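One structure is given here, and the rest of the page talks about it.
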Amino acid sequence: MVASMKGPLKLPPSKSHTLRAILFASLARGRSTIENILQSPDTDAMIAACRSLGATIVVQGTTAEIVGRINPPPEVTVDAGNSGIVLRFMAAAFALTDSQVTIVGDGSKRSCKALLDALQQMGARSTGDYAPICVQGPIVPCDVVIDGEDSQPVSSIMIAAACLKGTTNITVKNLGERPWLNLTLDWLKKLGVKYHENDQNCYSVEGQGYIAPFHYRVPADLSSLAFPVVLALLTESDITIEDIDLNDAQGDKIILDILGQMGAKFIYEDSILHIRGPQKLHGCAIDVNDCIDALPILAVVGCFAEGSTHLYNGMVARKKESDRIMAMKLELTKMGAKIIEHADGLTIEQSELRAASVFAHKDHRVALALAVAGYASVGRHTITGAECVEKTYKNFFLDVERLKENYAQTYSCGL
């Protein structure tokens, strides 16, 4: 049954900011306070990893008090779970020491080759490619060349370089996902770490040998923004999303510009975003490299937009929690979508979707996108493995049901 919704909504805290804040605080000298952290398996994995690094971390509710310290035991094993950020960021963090770290994970195919190649240039030894990997430092400031198709290895090197004493010159080949790299650079700026950037994708990070402690409140997750926004656009809805800071460095806010190009209209004022649906959308060609996490939900949008929608330059989407290109093609086809898979993206024709039994592929963004598709379709929709939404937006289904209830109550009152 197509959802009808009304009411206010607050997004979960940003996962990307939460994980960076915990790591930077753990690398800092002194006591830091982080408020409004995301409650997620990825957060738990980062906290456990940073404790292994030597930090003291006390969590009360959604606030973390962290006393930074880099002093791991000679040999340590870290479980990154399903988090590419924990896997890569912690490999570089432990490489600051002479301890030998083995980082295991849940088997997701996230290559560490680009990162490990860069760490070896900086003096580390390593084995492996996919988890489990083994790394032993210490690394030193130097000139580094790194493949940047995936932004996480580059961010990992930048974070480690900020903790070294001296200048690390980082040349990035094949730079992609630039907004996520910019998010890390914004953190360096916040923390007073000097860096320089030139037009050839070369970055000089001037480490002072330490990071100062800080106080930080995690903002709303603009990567999760796409799901309630698209749901509102595709259904009979009148939704306000509160506490949205579009000045934050999170790159996935670009989803609003993309949807605007497809014909969507919003009202944004005083940190509140208002969406009223349904709205008529039209297909277009979208370069998804700057918003790679939005590929699954944009595939859903393409099913409802007039004409054809072409998502391209998204090859790295095949290397996330799942092969998102393959996953969305497979699952939306089950719902009746007319969709063609390409090496770097998808072409979707306007389709009449019907509810179906689909699979989340252990990927929170695939699960959330398929949920939106189900709410906007007719019939009983079943998502196997939908619990993986806990990674970023564990209350999504509760939020939607509350919005549906609000709409029904309003409608019954004749308003």
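Throughout, read-outs are computed from the coordinates displayed, never taken from laboratory work. Since the structure is predicted, the reported quantities are computational estimates derived from the model, not experimental observations.
Here are the numbers for this structure:
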quantity: Whether region 15-207 is rounded, prolate or oblate, judged on the alpha carbon gyration tensor where a/c under 1.5 counts as rounded; calculated: rounded
quantity: Fluctuation leader among ARG178, ARG380, ARG29 - the chain, Gaussian network, Cα springs under 10 angstrom; calculated: ARG380
quantity: Gyration tensor verdict on region 5-121 (Cα atoms; rounded if a/c is under 1.5, prolate if a/b is larger than b/c, oblate otherwise); calculated: oblate
quantity: Choice from VAL301, VAL76, VAL218 showing the highest fluctuation, given a GNM over the chain with Cα pairs closer than 10 Å; calculated: VAL76
quantity: Correct choice for semi-axes √(5λ) of the Cα gyration tensor in Å that was computed from the model, options (1) 38, 23, 19; (2) 37, 27, 18; (3) 75, 23, 16; calculated: (1)
quantity: Among GLY68, GLY148, GLY260, residue whose mean-square fluctuation peaks in a GNM of the chain (springs only between Cα atoms under 10 Å); calculated: GLY260
quantity: Whichever lysines have a C-alpha closer than 19 Å to that of LYS189, once near sequence neighbours (fewer than 8 apart) are set aside; calculated: LYS165
quantity: Three-way shape call for region 3-69 based on the alpha-carbon gyration tensor, with the a/c threshold at 1.5; calculated: prolate
quantity: Cα centroid of region 4-30 to Cα centroid of region 202-263, whole Å; calculated: 11 Å
quantity: Mean-position separation - Cα centroids, region 52-75 and region 84-116, in angstrom; calculated: 18 Å
quantity: Set of lysines near LYS320 by C-alpha distance (under 17 Å), chain-local residues within fewer than 8 positions excluded; calculated: LYS15, LYS109, LYS113, LYS329, LYS362, LYS391
quantity: Eligible aspartates and glutamates near LYS194 by straight Cα distance, threshold 13 Å, same-chain separation 8 or greater; calculated: ASP186, GLU206
